[in-house]
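Notes follow once the structure below has been shown.
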Amino acid sequence: MVNADPLLRSALSAPPAAEHGLDALTLGRRIRELRTTRRMTLDSLAAAIDRAPSQVSMIENGNREPRLSMLRTIAIALGTTVDDLLKPEAPSERAALEIAVERAQRGAVFTALGLAKIRVSRATSDETLQTILTLHHEIERLHRERAATPEEARRANAQLRATMRARDNYFPELEEQALELLTAVGHSGGPVSHQVVADMATHLGYSLHYVGDLPHSTRSVTDKRNGRIYLPTAQSASRDSRTPILQAFASLLCGHDEPGNYAEFLRQRVETNYLTAAILLPEKDTVRLLTEAKNLRRISMEDLRDAFSVSYETAAHRFTNLATARLGIPVHFMKVHESGTIIKAYENDSVRFPSDALGAVEGTTVCRSWTARTVFDVPDRFSPWYQYTDTPSGTFWCTSRIEKAKEGEYSVSVGVPFDHVKWFRGRETTNRAVSRCPDESCCRRAPNDLATRWAGQSWPAARTPTSLLAALPTGTFPGVDQTEVYQFLESHSPTH
Ligand SMILES: [Zn+2]
């Protein structure tokens, strides 16, 4: 069965190059197949549609996309319909193979090698084509693996943040999908219960299975063949047990395919997390609650968290989706490790995050005076922490809270420019700080008196962070052991 090859599979389902959804290669192949079964020559078809034979040849080779009017003429000449010509699947298995090889040879990786294309003729056997295709697949895989450098990841991350910023971190199509799912199971507001989550699974045609041997590089594994979602029996107490299930639903709903590169992997992750949050905190209910709070001038992340029974991080992050698009409030969000390292960041309020030469924010260190850092020094971990911070790009008000995780403590912060603090609970705080970062003298360099006393008189042995030297996880799903996943599915599958 030729369809077993993953590259071929992706080639067959690859999005067509043309903007109007036309796949020139498949279309050309279908026209040629129909022409030959009708025993027409290139010349006779050309004559029938009043075009030069060379033009027909270009179309059949997928080098030109005919306009719709010409497509109609071709359809009539071949005794078929335009719809039939435009069918997305290859006309035969052999054609699928040939198209996949052609597509691979037109791909960026092959083109970059500067090699002459292999001409596929009728005499080329299926085995030869399959071998060529497998080689292409392997080269692309190696290429992907080599490209998965921290630099690529950081670039991809920076680009993704720019996209999110341009859309105010609001994705109406994902809100729509969340609404559809919630409506389908008759959810009428309030926190999404486990029963609602179970109903969603049924609605999507999946059953939930809790197992003790889930591959540890995964949070869940979806068996699309048997309609099963596997989840761990042991859940970390600090995690919301609904989240991994909803994330699995989200991937299904978004129609995610195996990611082709790191950027796509990151984009899929953003979509999954967005949709998950949009289900847990439905747009309509959340906007209603936030609008009421805004009118009363007491917007609070804690209230949002409590109203929907989600984690503080989920509530704070969800706030960034709706703050600008639905409430007209620019906002920034940060998740910062106790070491000061930024794990996640988003802004559309012109707060200036530290960044490296590639424009990446994650992994850089945040100013010691920012709320995201000062909150670690506050002994009271129960009350929300508020602070005004004067920065070179203006005064911002932020609220922050610490959450514990396996790797240590994290602060999760939401902030707005001074002009918008009037809508928030906590605006009356007297906590105030000044940050001059990125000026080194702000907090990156030791104060002069200390420096003169200790410079040259100390030798700290650096603890090498494990993440610094570790290679970026590789593989189609970065960090996931595919063998482990397949073996797992095999052992749990109801149909051996
Ligand atoms: Zn600083």
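The values are calculated or read from the model by the stated rules, or taken from the named source; none is laboratory data. For clarity, every value in this text was computed on a predicted model and none was experimentally measured. Positions of Cβ are backbone-derived with ideal geometry, glycine not excepted, and every protein chain shown enters the neighbour counts.
Residues checked against (1) within 24 Å of the chain's Cα centre (by Cα); (2) not aliphatic (A, V, I, L, M):
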position	(1), (2)
181	yes, no
192	yes, no
202	no, yes
209	no, yes
217	yes, yes
227	yes, yes
230	yes, yes
241	yes, yes
Query raised in the report: Across the stretch 333-352, what is the number of residues that are within 15 Å of the ligand (Cβ to nearest atom) and surrounded by 18 or more Cβ atoms within 10 Å (Cβ to Cβ)?
Result: 5
Query raised in the report: Do we have any residue at all in the stretch 228-250 that's touching a residue at least 12 places away in the same chain (Cβ under 8 Å), in a helix (DSSP H, G or I) and basic (Lys, Arg)?
Result: yes
Report task. Tell me, yes or no, whether the stretch 368-379 has at least one residue that is out of contact with any Leu (no Cβ under 8 Å at 6 or more places or on another chain), assigned by TED's automatic domain parsing to the domain that holds residue 293, in contact (Cβ under 8 Å) with a residue 24 or more places away in the chain and more than 16 Å from the ligand (Cβ to nearest atom). Result -> no
Query raised in the report: What are the residue pairs meeting all of these: first residue in the stretch 383-395, first residue at pLDDT below 95, second residue in a strand (DSSP E or B) and among the basic types (Lys, Arg), Cβ atoms under 7 Å, and 6 or more apart or on different chains?
Result: 384/401
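Would you pick out the residues in the stretch 69-104 that are β-branched (Val, Ile, Thr) and outside any helix (DSSP H, G or I)?
Result: 80, 81.
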Report task. Can you run down the residue pairs with Cβ atoms below 8 Å, 6 or more apart or on separate chains, where the first is in the stretch 436-465 and within 16 Å of the ligand (Cβ to nearest atom) and the partner is outside any loop (DSSP other than H, G, I, E, B) and among the aliphatic types (A, V, I, L, M)? Result -> 445/451
Requested in this report: Please name all residue pairs, on different chains or six or more residues apart, with Cβ atoms under 7 Å, provided the first residue is in the stretch 73-87 and is of a type in the set (S, T, N, Q) and the second residue is surrounded by 15 or more Cβ atoms within 10 Å (Cβ to Cβ).
Outcome: 73/49; 80/34; 81/75
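A quick yes/no check of all residues on (1) among the acidic types (Asp, Glu); (2) surrounded by fewer than 16 Cβ atoms within 10 Å (Cβ to Cβ); (3) over 22 Å from residue 100 (Cβ atoms):
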site: 23; (1), (2), (3): yes, no, no
site: 30; (1), (2), (3): no, no, no
site: 34; (1), (2), (3): no, no, no
site: 46; (1), (2), (3): no, no, yes
site: 54; (1), (2), (3): no, yes, yes
site: 65; (1), (2), (3): yes, no, no
site: 74; (1), (2), (3): no, no, yes
**Report entry** Cβ-Cβ under 6 Å pairs, at least 6 apart or on other chains, the stretch 485-496 side farther than 13 Å from residue 231 by Cα, far side among the polar types (S, T, N, Q) and part of a loop (DSSP other than H, G, I, E, B)
**Finding:** 494/226
Query - Members of the stretch 213-265 found to be over 21 Å from residue 482 (Cβ atoms) and in contact with a Pro (Cβ under 9 Å, 6 or more places away or on another chain), listed by number - result: 235
Query raised in the report: Under the condition of being assigned to a strand (DSSP E or B) and without any contact (Cβ under 8 Å) to a residue 60 or more places away in the chain, which residue from the stretch 312-349 is nearest to residue 172 (Cα to Cα)?
Result: 344
Query - Within the stretch 409-434, tally of residues that are within 16 Å of the ligand (Cβ to nearest atom) and within 33 Å of the chain's Cα centre (by Cα) - result: 3
Report task. Scan the stretch 109-127 and report the pairs whose first residue is over 22 Å from residue 60 (Cα atoms) and whose second residue is of a type in the set (D, E, K, R), with Cβ atoms within less than 6 Å and a gap of 6+ or a chain change. Result -> 109/140
